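**Q** Sharing a structure, written as structure tokens. Questions coming.
The values are calculated or read from the model by the stated rules, or taken from the named source; none is laboratory data. Predicted model only: the values in this text are computed from it and were never measured. Positions of Cβ are generated from backbone atoms using ideal geometry, with glycine treated the same way; all protein chains shown enter the neighbour counts.
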Amino acid sequence: MFMAEADSTVLILATIFVGLVLFLIIFFAQRYKRCPSNKVLVVFGKGVGGGAARTIHGGGALILPLIQDYAYLTLEPITVEIDLRGALSKKNIRVNVPASFTVGIGTSPQMMGCAAERLLGLDEGSIRKQAEDIILGQLRLVIATLAIEEINQDREKFLNLINENVASELNKIGLEVINVNIRDITDESGYIEAIGKRAAAEAINAAKVEVAQEDKKGAAGEAREVRERVIAVSVEQAAAAEGKKKAERDQRIALARLEAEGVAAEAAASRQQEVAVSRERAEAEKGKKEAQAAQRVALAGLEAQAVEGENTSKADIAARNAVLAEAEAEATRRSLVARADAQRQVFEKERQLESARLEKEIIVKEEIAKRRMEIEADAHAEQQRRHAKGEADAIMMKYEAEAEGIRKVLQAKADGYNKLVMACAERPDIAPTLLLIEKMPELVAEQVKAVQNLKIDKITVWDGGNGGAGNGKGGAAGFLSSLIGALPPVHELAQQAGVELPGFLGRLSPTEKQGLGDAPKGKA
């Protein structure tokens, strides 16, 4: 039993090994790509060597999965039609050079590498367009270095220059020139045509000269031969005159008979020929009509088959396109639905995130700002209340201070007035005078203000002499005298009250301070 289990295990392992080997063989057989003789295999990806791609012609290569891929470049010739118009030549004459170039991808390693780098993935039209641009530029360059005579006469040199210049530029993109066919070269000014006419005229003139020379030689020989013949004929004419006449008569008779027979035979032959020709023409026309009819029938059948095949192909293509369009529409719908669902979920998450952000950033900030404004408003109101209270207290204290000052001033004045009244107890009539003297500076100041802006050149006092009441003094003199007489008591009273009188009321002399008397005249 143990041996049976071991044999079954070995069999399973052998089967797995064989299956694995077959799988590897099939896998590598599918990944091994062969290159036909009319193509170039381009392997690109990782591990292709030092270049961007590896090119193979006429062999094969193993394409590694995932890291390598491959593509083919066709070596089939490409015909490039060049209709060059108005190319400027060396003598500044514009020429038209229509040409046909046959190009193809080169098989040298360098050219295959250039083609793999610059032409891989391009269709035949794109390759033809690139080749056409390069050929046009190089063809104009070659024509610019040659005169029209060299282009028109030395075609071999012209073709060699074209091959050298065009091939060197085409090799840069991996193409090589296979054949160059230059058609008729023309110019817009008619210079080439004029050169041809000149060459033809020169050849015609040379031929005419040679013909004239040969004609001259022939005419001289002919004249010589004619002269000798005339001499010989003249010698024989006399002997042959009779025979000639007889021969002419026989000749005319024979000719007449032969002409009659010939006319009859000719008429019969002509009639038979016309009948045969008409018959053959009718047969030919009949065969032609039958051939045309058969051709039209065959063409109509082929066209019908072609139209039927095209319609069938178009119907199949339309059906496949419809199925493909339905599949694409269904895939697009599913994609749009899935995309819409994903966007809806994204928008929902974004809305939630935005709501949380607004709640965190804006609402919280607004609450903080609101609380700050309330605190600031309360602080400002409290500050204003305190400021108003302080101002009110300051005003009250100011008014109280002013009232206290006024009270103290009035109290001081009242005390002063009491002392003044007590001092004037013996002479009560002096108290009003003293009060008047106290206000005299203010009265004088007001009077000075009233007359300070008046321009008075002089004051003239007219007195009739009666104001002195019989004492010989005028009114002004009596006023001054009484005023000066009243000054000493005023000074004495001011000294007792501790008041300094202004300078314009004068000063008392030491003797006047000792006693009261009349004031000296002339002093004040």
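**Q** Hey, Gly137 hits all of (1) on the phi < 0 side of the Ramachandran plot; (2) among the small types (Gly, Ala, Ser); (3) free of Cβ contacts under 8 Å to residues at least 24 places away in the same chain but one; which does it fall short on?
**A** The single condition Gly137 does not satisfy is (3).
**Q** Give just the number: which of (1) touching a helix residue (DSSP H, G or I) at 6+ places or on another chain (Cβ under 6 Å); (2) surrounded by fewer than 20 Cβ atoms within 10 Å (Cβ to Cβ) does Ser100 not satisfy?
**A** (1)
**Q** Then there's this: Within the bounds of the range 110-119, is there any residue that is exposed (fewer than 15 other Cβ atoms within 10 Å of the Cβ) and in a strand (DSSP E or B)?
**A** no
**Q** I've got another one for you. Can you tell me which residue in the range 171-188 is nearest to Arg94 (Cα to Cα), limited to those that are outside any strand (DSSP E or B) and in contact with a strand residue (DSSP E or B) (Cβ under 6 Å, 6 or more places away or on another chain)?
**A** Going through the qualifying residues, I end up with Glu188.
**Q** Any residue at all in the range 90-109 that is part of a helix (DSSP H, G or I) and either farther than 18 Å from Leu159 by Cα or free of Cβ contacts under 8 Å to residues at least 12 places away in the same chain (or both)?
**A** Applying the first criterion (part of a helix (DSSP H, G or I)) to the range 90-109 yields 109.
Right, trim to either farther than 18 Å from Leu159 by Cα or free of Cβ contacts under 8 Å to residues at least 12 places away in the same chain (or both) and you get 109.
Looking through the range 90-109, at least one residue is part of a helix (DSSP H, G or I) and either farther than 18 Å from Leu159 by Cα or free of Cβ contacts under 8 Å to residues at least 12 places away in the same chain (or both).
**Q** Can you tell me which residue is farthest from Cys114 (Cα to Cα) among those in the range 176-227 that are modelled with pLDDT under 75, hydrophobic (A, V, I, L, M, F, W, C) and under 60 Å from the mean Cα position of the chain (by Cα)?
**A** Within the range 176-227, the match that is farthest from Cys114 (Cα to Cα) is Ala199.
**Q** Report yes if some residue within the range 44-66 is in a helix (DSSP H, G or I), at negative phi, of a type outside the set (Phe, Trp, Tyr) and exposed (fewer than 14 other Cβ atoms within 10 Å of the Cβ); otherwise report no.
**A** Checking the range 44-66: not a single residue is in a helix (DSSP H, G or I), at negative phi, of a type outside the set (Phe, Trp, Tyr) and exposed (fewer than 14 other Cβ atoms within 10 Å of the Cβ).
**Q** Ok, one more. What are the residue pairs meeting all of these: first residue in the range 1-29, first residue part of a helix (DSSP H, G or I), second residue at pLDDT below 85, Cβ atoms under 8 Å, and 6 or more apart or on different chains?
**A** Sorted first by the residue in the range 1-29, then by its partner, the pairs are Phe28/Leu62.
**Q** Taking the range 72-94, which residues are touching a helix residue (DSSP H, G or I) at 6+ places or on another chain (Cβ under 7 Å) and over 21 Å from Val177 (Cβ atoms)?
**A** Once the filter is applied, which keeps residues that are touching a helix residue (DSSP H, G or I) at 6+ places or on another chain (Cβ under 7 Å) and over 21 Å from Val177 (Cβ atoms), the range 72-94 yields Leu88, Ser89, Lys90, Lys91, Ile93.
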